[in-house]
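FYI, it's all coordinate maths here, none of it is from the lab. Nothing here was measured: the structure is a model prediction, and the numbers come from that model. Here Cβ is always computed from backbone atoms with ideal geometry, including for glycine, and neighbour counts include all displayed protein chains.
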Amino acid sequence: MAHTPVPEADAILDKEFPVLDKGFVRLVDYLGSDQRIVQAARVSYGEGTKSHRQDAGLIDYLLRHDHTSPFEQVVLTFHAKMPVFVARQWVRHRTARLNEISGRYSVMKDEFYVPAGEDVSEQSEDNKQGRAEAAADAELQESVRNRLADGQEAAYAEYTALLDEGLARELARVNLPLSLYTEWYWQIDLHNLFRFLKLRMNQHAQREIRAYATTIFEITKRVCPAACASFENHVLGSVRFSAAEWRALQQILGDPGTGEFTGMKGKELDRFLDKLRTGRQL
């Protein structure tokens, strides 16, 4: 199957979508779309192109049942600019390919992340690895932002001084802080991108990387709208229950009857009622 352009995706190629105070994400290129997913799936049994509605239904079925290999046929390449601490969380997703700017070859730019006032929060009492939801008081916000900026300015001044003295770039950079901005090209298939988004759009992820993940998802919707709609419905919007929780839920719900109260219909309603009665994924 030849490359089929997607006008909505082509319209945003190379467009920078701002993230945080100085960062961005842009779509560099893409290979495949919703159409590639269904073509890859149907090659198994030799059927050709169907209607748009049938294609969306097949994509939904594949995602719902974790048939992931057709989603790997779609590949997206992004150019992103983010603070180093965000990059170090991001790079934990190892099923991608990336090339990052090198401080050994290049002089790093004087660009550092300073959180907005409303993003300055104290340590959460419930989440040991995160901040509280509420912003700190205005006085602490201003103090923190000023101290971060002062520290960044001092670190960069020392960096440039070492370079001016002839020190190797690979050594001069070692005291630069995690707030320094870096850039990379990042290429990933849609299946593994969905795994990245599931974790990094989650409320437990750090606020800064959530901002990047949300932007990437909005871009990806332009390339694969049907796949993203199914992902949003069955993954982002879903909740997992333990066996004990499920037994309790069945007791609470009792007999769901015809299910008219759900607003669902057809096979979607049948699947829902069967799940309620059996507790099995269908």
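Please state the charge dipole magnitude for the chain, taken about the Cα centre, from unit charges on C-beta atoms (+1 on K and R, -1 on D and E), reported in debye and rounded to the nearest 20. Don't skip to the end; give the middle numbers.
Values: 36 positive and 41 negative charges, 270 e Å.
For the chain, the charge dipole is close to 1300 debye.
Would you mind ranking TRP186, TRP246 so that the residue whose beta carbon has the fewest other beta carbons within 10 Å leads the list? Provide the component values of the computation, followed by the final result.
Values: TRP186 24, TRP246 15.
Placing the least packed residue first, the sequence is TRP246, TRP186.
Report which label in (1) 0.93; (2) 0.97; (3) 1.06 holds the value of Rg/Rh (Cα atoms, Kirkwood Rh) derived from the coordinates of this structure.
Correct label, based on the coordinates given: (3).
Tell me, what HN-Hα J-couplings in whole Hz come from the Karplus equation 6.51 cos²θ - 1.76 cosθ + 1.60 at θ = phi - 60° for each residue of the stretch 71-87, using x for Gly and Pro?
Taking θ as phi minus 60°, the curve returns 6, 6, 6, 9, 10, 10, 10, 10, 10, 10, 10, 8, x, 4, 5, 6, 4 Hz for the stretch 71-87.
Once a ≥ b ≥ c are taken as the square roots of the eigenvalues of the Cα gyration tensor of the stretch 62-122, is the result rounded (a/c under 1.5), prolate (a/b larger than b/c) or oblate (a/b not larger than b/c)?
Values: a/c = 3.32, a/b = 1.58, b/c = 2.11.
Cα axes put the stretch 62-122 in the oblate bin.
Would you pull out the residues with amide H under 5 Å of VAL6's amide H, same chain only if 5 or more places away, H placed 1.01 Å from N?
none
Can you tell me which of 229-237, 83-91 comes out highest on packing, and rank the rest after it, using the mean Cβ neighbours within 10 Å?
Values: 229-237: 15.6, 83-91: 18.6.
Result, highest mean Cβ count within 10 Å first: 83-91, 229-237.
Counting other beta carbons within 10 Å of each Cβ, put ASP110, ASP150, ASP60 in order, fewest first. Let's see the in-between values first.
On the way: ASP110 13, ASP150 10, ASP60 18.
Ordered from fewest to most neighbouring Cβ atoms within 10 Å, ASP110, ASP150, ASP60 come out as ASP150, ASP110, ASP60.
Karplus couplings for the stretch 155-166 from phi (6.51 cos²θ - 1.76 cosθ + 1.60, θ = phi - 60°), rounded to Hz, Gly and Pro as x?
Per-residue couplings from phi come out as 5, 6, 4, 5, 4, 5, 5, 5, 5, 4, 7, x Hz.
Could you calculate the contour length gain from GLN89 to ASP14, that is, 0.36 nm times the residue separation minus the distance between their Cα atoms, to one decimal place in nm?
Values: separation 75, 0.36 × 75 = 27.00 nm, distance 2.43 nm.
Computed gain between GLN89 and ASP14 is 24.6 nm.
Net charge near GLU268: determine it from the other residues with C-beta under 12 Å of the C-beta of GLU268, scoring Lys and Arg +1 and Asp and Glu -1. Working shown, then result.
On the way: positive: ARG64, LYS265, LYS267, ARG271, LYS275; negative: ASP60, ASP270, ASP274.
Net charge in that neighbourhood comes out at +2.
Calculate how steeply helix 190-200 sits against the longest principal axis of the alpha-carbon atoms of the chain, using the helix alpha-carbon long axis, and give the answer as 0 to 90 degrees to the nearest 10.
Helix 190-200 and the main axis of the chain meet at about 70 degrees.
Taking the number of other C-beta atoms within 10 Å as the exposure measure, put ARG173, ARG64 in order starting with the fewest.
Ranked by crowding around the Cβ, least crowded first: ARG64, ARG173.
Could you work out the relative contact order of the chain? I mean the mean sequence separation of Cα pairs under 8 Å and 6+ apart, divided by the number of residues, in percent. List each step's numbers first, then the result.
Details: 339 pairs, mean separation 68.5, N = 282.
Taking the mean separation of contacting Cα pairs over the length of the chain, I get 24 percent.
Hey, if you put +1 on the Cβ of every Lys and Arg and -1 on every Asp and Glu Cβ in the chain, which of SER230, SER69, ALA157 ends up farthest toward the positive end of that dipole?
Farthest towards the positive pole: SER69.
Among the listed pairs LYS128/LYS221; LYS81/LYS221; LYS81/LYS198; LYS15/LYS267; LYS221/LYS275; LYS15/LYS128, give every one whose C-alpha distance is greater than 31 Å. Don't skip to the answer; put the middle values down first.
Working: LYS128/LYS221 33 Å; LYS81/LYS221 20 Å; LYS81/LYS198 21 Å; LYS15/LYS267 40 Å; LYS221/LYS275 29 Å; LYS15/LYS128 37 Å.
Cα-Cα > 31 Å for LYS128/LYS221; LYS15/LYS267; LYS15/LYS128; rest within.
With point charges of +1 on the Cβ of Lys and Arg and -1 on the Cβ of Asp and Glu, referenced to the Cα centre of the chain, which listed residue (ILE101, THR278, PHE196) lies farthest in the positive direction of the dipole?
Checking the options against the dipole of the chain, the answer is THR278.
Given the DSSP H assignment, sum -39500 (n - 2.57) over each helix run of at least 4 residues in the chain and divide by its residue total; what's the result at 222 nm in deg cm²/dmol, nearest 500?
Numbers: 11 runs with 123 residues, N = 282.
Mean residue ellipticity at 222 nm (helix-derived): -13500 deg cm²/dmol.
Taking the DSSP beta bridges in the chain as the whole, what percent of them are antiparallel, to the nearest 5? Provide the component values of the computation, followed by the final result.
Details: 25 of 26 bridges.
In the chain, approximately 95 percent of DSSP beta bridges are antiparallel ones.
Using amide H atoms built in the peptide plane, which far-off residues or other-chain residues are under 5 Å from ASP29 H to H?
Under 5 Å from the amide H of ASP29 lie the amide H atoms of THR77, each far enough along the sequence or on another chain.
For a quick check: with amide H placed at 1.01 Å from N, whose amide H comes under 5 Å from LEU180's, ignoring anything fewer than 5 positions away on the same chain?
Those qualifying (amide H under 5 Å, at least 5 residues apart or on another chain) are VAL84, TYR113.
Short version: ³J(HN,Hα) in whole Hz for each residue of the stretch 232-244, in order, from phi by Karplus 6.51 cos²θ - 1.76 cosθ + 1.60 (θ = phi - 60°), x for Gly and Pro, what are they?
5, 6, 9, 10, 4, x, 9, 10, 9, 10, 6, 4, 5
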